[in-house]
Each structure stands twice: as C-alpha cells, then as structure tokens.
Amino acid sequence: MFEIVEKSEVFNVHKIVVKAPGIARAVRAGQFVIIMGAEYSERIPVTVSDWDAAAGTIVLYVLEVGISTLELARMKVGDSLFAVTGPLGVPSEIKNYGTVVLGGGCYGIGGIYPIAKACKEAGNKVISIIEARYKDMFYNEKALMEVSDKLLYATSDGSKGTKGKVEDVVYEMLEQGQKIDQAFFMGCTQMLERCSEATRSNSIPTKVALNSIMLDGTGMCGACRVSVGGQIKFACVDGPEFDGHEVDWNELHSRKAAYAEQETGVYQSYSHECMAEKKFKQELERG
Amino acid sequence: MGLTAKERMAIERNRMGEQPPDLRNRNFEEVPYGYTPEEAVNEAKRCLNCKKRTCVSGCPVEVPIPEFIALIAEEKFVEAARVIKTKNVLPAVCGRVCPQETQCEGQCIRGKKDNTQAVAIGNLERFVADYERENNLIELSEVPKKNGFKVAVIGSGPSGLTVAGDLIKLGYEVTIYEAFHRGGGVLVYGIPEFRLPKRIVESEIKALENLGVTIHYNSVIGRLYKIDELFKGLGFDAVYIGVGAGLPIFLDIPGMNLNGVFSANEYLTRSNLMKSYLFPKYQTPMIIGKKVAVLGGGNVAMDSARTAIRLGAEKTTIVYRRSMEQMPARAAEVHHAKEEKIEFRLLSNPVEIYGNKDGWVTGMKCQNYQLGEPDESGRQRPVPVEDSFFEFDCDQVLVSIGGQANPLITKTTPDIKINKWGYIVTDDWGRTSRQFVYSGGDIVTGAATVISAMGAGRRAAKAIHEDLMKESNETTGDNGK
C-alpha cells in the first residue's frame, strides 16, 4: 500500500508520487491528504498537487522542515508510506469567474496546478504567478504553463521575472489595470497574508489555502482551528480555503509556531547524528 | 462450594492491587494490577446468585452476570470468559472502562446498603478476559459459512467492533472503514494507556480479523467514498455508521485560540494514538504544561488531567462549573485523580484566558458559580455569581466540555435524517431514515459510554440481520442470496 513510484527533488521540495488508487479516484482540486512516513511519524497534511485516476497515483510536494519530513525526504522509490488518508478538506469552488489569478510559493508552486487546471477547464482566463528565491528553484513550470493563459515569475534576486514576490506581481497587474475576478493563493503563511493584503484594497475575492497544524484531519481535534471573520473554523473540515481578507493572521502565525521549540531541537540533533553516521560510512568505504 | 448466604455475606469486597499514586503519576503503565485467581474466586463467592437478576438488567448488553460469576467460583475461568462473550465481544475493555457503579454493580443487592460492597462485577469481568488472553486460551470460533451479504461498518470504535463481531458470526462479509491508521476509535485515541492498555484493544481487533473481518485503515467515508458509493460501486447490502461524537466544543470566551489551549481530543490523541509521551521516539510533539487547568468534569476531563500529570505537570486542576456530586465522571476515575494529587476547583468557570504577546496562555479569569434550580437532566443548574471573579494561574488549558456531531458523513449523504444538533436520528434498533443504513453510538446519542455504544451496535446488528433476511426472503423466497 502507498508505494512510492516516483521521487525527485528541487532545492528541498521533494516530489513524491504515491500509489493511492482510492484517493486518486476521489480527489478534487484544492483537497489534501494526511501522510505518515512510518508508524512512529507525525501525521502531516499535504496538498494533492496532481493525480492519475487510471494509474491510481497522486503527486505530493513535501518540504523537509522537521524530523518527520526529513524521513519522508529520505524515502526511496519502492518504499511505502505508512499512511495516506484522504482526500480531505472541501474542494476548491470551481466556476467561470472570468479572470482568475493563482499565486504559489514553495509547495504551492505545485499545489496550485490542479486549481489552475480546473479553472481553465471551467472557461476562466488563468494567470499563474509563482515565486522563489532564485530562478533554478522553480519546478513543474511546464505543466503549469499548459493550464495557464499566462505564467508569471517573481524571484527574490531578480534572476527571473519580477524582482520580489507574488504580491509584487499582483500590485504590478493592478497598477496596469488588469481585471482580476478571483484570486487563489497557496504557500507559506507569510506569503498568504501578504498576497491577501495586495488584493484587499481592490476587494478582489481571495481564497487562501491555509496550512495550519493538523492531527486527525477529520474535525475531531481542533488543532487546526483558525479565526475567520471572528469565528472559530477548522482548516481540515471547513477549509483548507478561506477568505484571505477575513483570516486572523497574527493568531495563525503564532499557532503555527507552537511546536517550533520541540521540533527544531529534535531535528537538529537527529540531522547531526545522521550526518555523523554518513561521514563515518564514507570513511569506512575509503578504508 | 456450598456456601450459605450468610457465609457469602461475610466476605468483604476484594480490592484490586494497584500502583501507588506517587509511582504511577510518573508512568503510563496501567494503574490496577488486576485480581489474582485467588482473589477472583474469593470475590465470586460473594455473589448471592439472586433469583431476580437485577445486575443483568443494569447491563446495556445483558451479560449473564450470575452465570459467569458462578463459573469463576468453580475456578472455570475460561468458561466464564466464554459465557460473557456470548453477549459482550470486548470484556477486557468493558471490565476496565464501564461505569459499573451506575450499571450492573449499581443494581447489585449487596450494594444496596453500602455501595462499596456490591460484588465487583467489573473486576471479575476483567479478570476472566485477561486470564483467557494472557494464557492464549482465546477460542478461535469457527468461521461460519458466508450468507452472501456484505456489510460496511464505518468506524472501528466500540459500536463498530460490536456490529462487526456480531455480523461476522452470522455469516456476513464485514468490512470496517477506519479513518485513523490504527483501529479502536476512542479506545485508542481517547482512553489513555494507564486506563486501557492498547495491546488489549489490538488483541480484540486481531480476534475479529481472525474471524474474517476486513479493516481498511486511513479511510474517511464521506470523502474517500460516499455512502451511495458503498452501496452502488462497492456492492454493500447494508451500512452501519459508528463514527463517534466528533467535533470538540470550545468556549466562546476570549483567548480560546491561544497556544497552550487544547481540546481534550487533541491532547489525548497526541498522547494516546500518536504516543507523544514517547517523543521523540514517536515524532508527534507535545507541549508540556507546568500548571494545567482542565475544564470539565467528565471521564475525558479526568483522563486529560491524569495524562497531564504523567507528562510532567507540576500542578493540575480540574475546573468545573458544578459540584463534586454532579460530576459525570466514573467514581473510580475521580478517586484515582484525587489520589494522584489532581486538584479540584469546583463551582468555577473561566470567562477569559489571558495570553502573552507571543500568543501563549498565561492564566485565566474565572467566575464563581453556585447551584440553582434543577435543569431537564435533573441536576442542579450552575448559576454564575455576579461580580464574583478570581484569577487562576496556569500555562495550559485543556478544554473537555463535550463535543458536537461530526458532519462529514451527514453532509455528503443528505438523505440521512439528523436532529437539530446534527446527530443521526434512528429508531430503537439503529435504523436511520435511509433504508439499509444504520447508526449507533455517540453519533446518535452524543457523548456517552463505551458500553452504551456497544449496546447500540448489538441492537443494530440484530436489525441489519432481520432486515436483510426479510429482504432476501422477499426476493428469493429462501434464506440465502
């Protein structure tokens, strides 16, 4: 079950293609799965970035940020994940909005693909914007280009496209008088907040895919709760997409950092130990 | 064996040995050690084998209590276990977590004058189930001939396991869909290791698998498959929904989303299911509070408080709106909690949780309560005392004030009737408004007990059998497909 059939990495973004026929059949754009590398791993929510119902596979992009994701990053083709649960969350609302802007950073570069594809199929004009620090850090561009009318880039160092981030491209578009009927953003919380600010003054309907800490993913625990429009919402069952103009960002930033101390502490000691082991093995090989 | 009633009456209730409080509050091992065979036989001899079997009528699944106790008195422990299993598929679980004092033992004639002197039915049930399991004497029931019908059970908690166990023995092909990566529902995510060791749940599930029950883990029905697809695509003849109570409730007061405020569900799931008490060997992290406030007075609140103390809290306090007498928790849990130095701040309720600039809990503002007129449940209603507030020092708050119905299935299956709170409406036998869809346990009643969920599962299994047999007779004129 849940065998890894393909795996690659672009600058710490690990593409993992997994056998999960049930999910590949049922999943819709905007939904996620919860995965566990091993029996002792954390349960980690990951956006389903593509799927092949016929082959029974789903595509996940995972960033190595802690001990559980480190293990996922180290798994190989032929290995199996211990658990893949889903599809979870409410699918993106897809209809003909007119002009749709999709912004993605980090795993969101891959994650916006199915939403872009569905929006395109629904007759929208799709403008995709992706951001990275440096031009070589982009991935999945070709696929995204195929489902977008326009693909725009933003890089921190200016090596490709606009120098800056997704919201800088949005500001440029608005200055140029580009009409935007709906925006979707997916990426780190800081990016989601900044992009929501960019669309606020023009009151552009804005959906952000929140990535709060989750445990069960079915509404049972409330770990992922966020304040949206002054009300408690569960990102796992009410979301993951919410109105970016209504999210209490300060609260979300703080809740996302809740386990930073525990996780970083263990991650550092864990990585260090394994690096030592690796070097030791290299020494052995040299004799 | 021929003891007279007087001789039986003269025997004092046998107490189970248990880990001393100051040792057990630092580990997750089970608290009571269980009876020795001698203690069990001695306790069994206290049963008067009454003509009027009030204990049996106090049991939601009608375990033949006097019969199994008589077998224990004759040292026929395995036979006793099998007598229980004719009615209860999870005796090792129920012996540990049933509220016996309000059920079988509450009806025991020997407890009429002094309720601490009722026959220890729960302890005896636990003893024989453990004896059978630990000595590898669990009987492999014969796998019955298949009757051709397929039943899907959603959720592997107490009610789902009961339905699966009953139907597999009647010849049904049974498939359980479980959302988590491990089976048992609340028995594994909610009830802590020190109260119900997980190896016991695993063994019960293994027994069902040996009988031929298939379990699909990581399967969230409503998302992976809708109920309609279970019938049409996957060819099930009946579906049982036993998904539990679901969504936790948070108080509508400032500070509920601060870091350090957990639902009891989250806190217990991290510790129990994800084993974060073994962090970092198990990788799910846990925030360890120093001064922990637990809001609520039920079993889940006691479990949360006792978990907090084991994880290293310096001080753990139950903050409850009503008084001690009105606490819904099992007497044994309150007793154990007190022994473990958990404090009780009764007739109090927070009105605000304070946080620091980084969003972490720093304390609470609480209001004093008094008891007023009885409410519809018969308990005196807690009424806030005006202008009577106090500050409560804590850095972690565990919210254990109950739950609401999880809408995952009912939202995706609109033809299943729900009540105004979102719980599934059924008849006394678990039949929902949709033909061949049944439901039971907390998703029907709201948060209740393991044994009442099992009782509901048992009744639903009967209804499923009856309805499918009737259907098959009508369509084919015989008892098979």
### Task
Examine segment B:450-460 for a residue that is at pLDDT 95 or above and polar (S, T, N, Q), and state whether such a residue exists.
no
### Task
Please verify whether segment A:229-244 includes one or more residues that are assigned to a loop (DSSP other than H, G, I, E, B), more than 14 Å from chain B (Cβ to nearest Cβ), touching a residue at least 24 places away in the same chain (Cβ under 8 Å) and over 20 Å from the mean Cα position of the chain (by Cα).
no
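This table checks each residue for (1) touching a residue at least 60 places away in the same chain (Cβ under 8 Å); (2) farther than 30 Å from B:ALA461 by Cβ; (3) not β-branched (Val, Ile, Thr).
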residue: B:ALA245; (1), (2), (3): yes, no, yes
residue: B:PRO248; (1), (2), (3): yes, no, yes
residue: B:ARG270; (1), (2), (3): no, yes, yes
residue: B:GLY296; (1), (2), (3): yes, yes, yes
residue: B:ALA301; (1), (2), (3): yes, yes, yes
## Note on the structure
Going through segment B:206-225 in order, the residues found to be surrounded by fewer than 20 Cβ atoms within 10 Å (Cβ to Cβ) and facing another protein chain (nearest Cβ under 9 Å) are B:HIS216, B:TYR217
### Query
Taking the condition within 13 Å of chain A (Cβ to nearest Cβ), on the phi < 0 side of the Ramachandran plot and of a type in the set (A, V, I, L, M, F, W, C), does B:ILE191 pass?
no
### Summary
Note: among A:GLY108, A:GLY37, A:GLY30, just one is buried (at least 19 other Cβ atoms within 10 Å of the Cβ) and in the same structural domain as A:MET173 (by TED's automatic domain parsing), namely A:GLY108
### Task
Would you list the strands (runs of 3 or more DSSP E) that sit entirely within segment B:317-415 and hold 1 or more residues that are of a type in the set (A, V, I, L, M) and in contact with a Ser or Thr (Cβ under 9 Å, 6 or more places away or on another chain)?
B:348-355, B:361-374, B:396-399
### Query
What number goes with the only condition from (1) surrounded by fewer than 24 Cβ atoms within 10 Å (Cβ to Cβ); (2) away from every other protein chain (no Cβ under 14 Å) that B:HIS181 does not pass?
(2)
### Task
Among the residues of segment A:81-102, write down those that are among the small types (Gly, Ala, Ser), assigned to a loop (DSSP other than H, G, I, E, B) and over 11 Å from A:VAL48 (Cβ atoms).
A:SER92, A:GLY98
#### Entry: Matching entry among A:LEU72, A:LEU60 (being within 14 Å of chain B (Cβ to nearest Cβ) and either of a type in the set (Ser, Thr, Tyr) or closer than 27 Å to A:PHE234 by Cβ (or both))
A:LEU72
### Task
Output the number of the condition that B:GLY244 fails; it satisfies all remaining conditions of (1) in contact with a Phe, Trp or Tyr (Cβ under 6 Å, 6 or more places away or on another chain); (2) more than 27 Å from B:GLU471 (Cβ to Cβ); (3) within 14 Å of another protein chain (Cβ to nearest Cβ).
(1)
### Message
Going through A:THR47, A:THR57 one at a time, which residue ends up being touching a residue at least 40 places away in the same chain (Cβ under 8 Å) and over 19 Å from B:GLY222 (Cα atoms)?
### Response
A:THR57
### Task
Mind counting the residues in segment B:152-183 that are part of a helix (DSSP H, G or I) and of a type in the set (Asp, Glu)?
1
### Message
I'd like the residue in segment A:12-56 that is of a type in the set (Phe, Trp, Tyr) and assigned to a strand (DSSP E or B) and, out of all such residues, is farthest from the other protein chains (Cβ to nearest Cβ).
### Response
A:TRP51
### Task
Of all residues in segment B:313-330, count the ones that are surrounded by fewer than 15 Cβ atoms within 10 Å (Cβ to Cβ) and hydrophobic (A, V, I, L, M, F, W, C).
1
### Message
Which of the numbered conditions does B:GLY165 fail, given that it passes all the others? Conditions: (1) modelled with pLDDT under 95; (2) surrounded by fewer than 24 Cβ atoms within 10 Å (Cβ to Cβ); (3) not polar (S, T, N, Q).
### Response
(2)
### Message
Here is a check on your reading of the model: is A:TYR171 closer than 28 Å to A:SER212 by Cα, assigned to a helix (DSSP H, G or I) and among the hydroxyl-bearing types (Ser, Thr, Tyr)?
### Response
yes
## Note on the structure
Selection from segment A:186-195 of residues surrounded by fewer than 22 Cβ atoms within 10 Å (Cβ to Cβ) and away from chain B (no Cβ under 14 Å) yields A:CYS188, A:GLN190, A:MET191, A:GLU193, A:ARG194
### Answer from B:ARG8, B:ARG46 - the residue that is assigned to a loop (DSSP other than H, G, I, E, B) and either in contact with a Gly (Cβ under 7 Å, 6 or more places away or on another chain) or of a type outside the set (Phe, Trp, Tyr) (or both)
B:ARG46
### Query
Is one or more of the residues making up segment B:457-478 more than 26 Å from the chain's Cα centre (by Cα) and assigned to a loop (DSSP other than H, G, I, E, B)?
yes
### Message
Being at pLDDT 95 or above, outside any helix (DSSP H, G or I) and either over 23 Å from B:PRO328 (Cα atoms) or not assigned by TED's automatic domain parsing to the domain that holds B:MET454 (or both) is true for just one of B:GLU75, B:GLU62. Which residue is that?
### Response
B:GLU75
### Query
For the subset of segment B:297-312 comprising residues that are surrounded by fewer than 24 Cβ atoms within 10 Å (Cβ to Cβ) and assigned to a loop (DSSP other than H, G, I, E, B), which member is nearest to the other protein chains (Cβ to nearest Cβ)?
B:GLY312
### Task
Collect the residues in segment B:416-425 that are free of Cβ contacts under 8 Å to residues at least 24 places away in the same chain and part of a loop (DSSP other than H, G, I, E, B), keeping them in residue-number order.
B:LYS417, B:ASN419, B:LYS420, B:GLY422, B:TYR423, B:VAL425
### Message
Residue pairs, Cβ under 7 Å, 6 or more apart or interchain, first in segment B:377-399 and without any contact (Cβ under 8 Å) to a residue 60 or more places away in the chain and assigned by TED's automatic domain parsing to the domain that holds B:THR316, second aromatic (Phe, Trp, Tyr) and surrounded by fewer than 19 Cβ atoms within 10 Å (Cβ to Cβ). List them.
### Response
none
### Task
Tell me which residues, restricted to segment A:245-259, are part of a loop (DSSP other than H, G, I, E, B) and at the interface with chain B (Cβ under 7 Å from one of its Cβ atoms).
A:ALA258, A:TYR259
### Query
Conditions: (1) within 22 Å of the chain's Cα centre (by Cα); (2) within 20 Å of B:ILE154 (Cβ to Cβ). B:VAL399 meets all but one. Number of the miss?
(2)
### Summary
Of the residues in segment A:47-68 that are surrounded by fewer than 23 Cβ atoms within 10 Å (Cβ to Cβ) and of a type outside the set (A, V, I, L, M, F, W, C), the one that is modelled with the lowest pLDDT is A:GLY66
## Note on the structure
Scanning segment A:196-227 for residues that are part of a strand (DSSP E or B), in contact with an Asp or Glu (Cβ under 6 Å, 6 or more places away or on another chain) and either of a type in the set (A, V, I, L, M) or within 13 Å of chain B (Cβ to nearest Cβ) (or both) gives A:ALA209, A:SER227
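The values are calculated or read from the model by the stated rules, or taken from the named source; none is laboratory data. Owing to the predicted nature of the structure, the values given are computational and were not obtained by experimental measurement. Cβ atoms come from the backbone with ideal geometry, glycine included; neighbour counts cover every protein chain shown.
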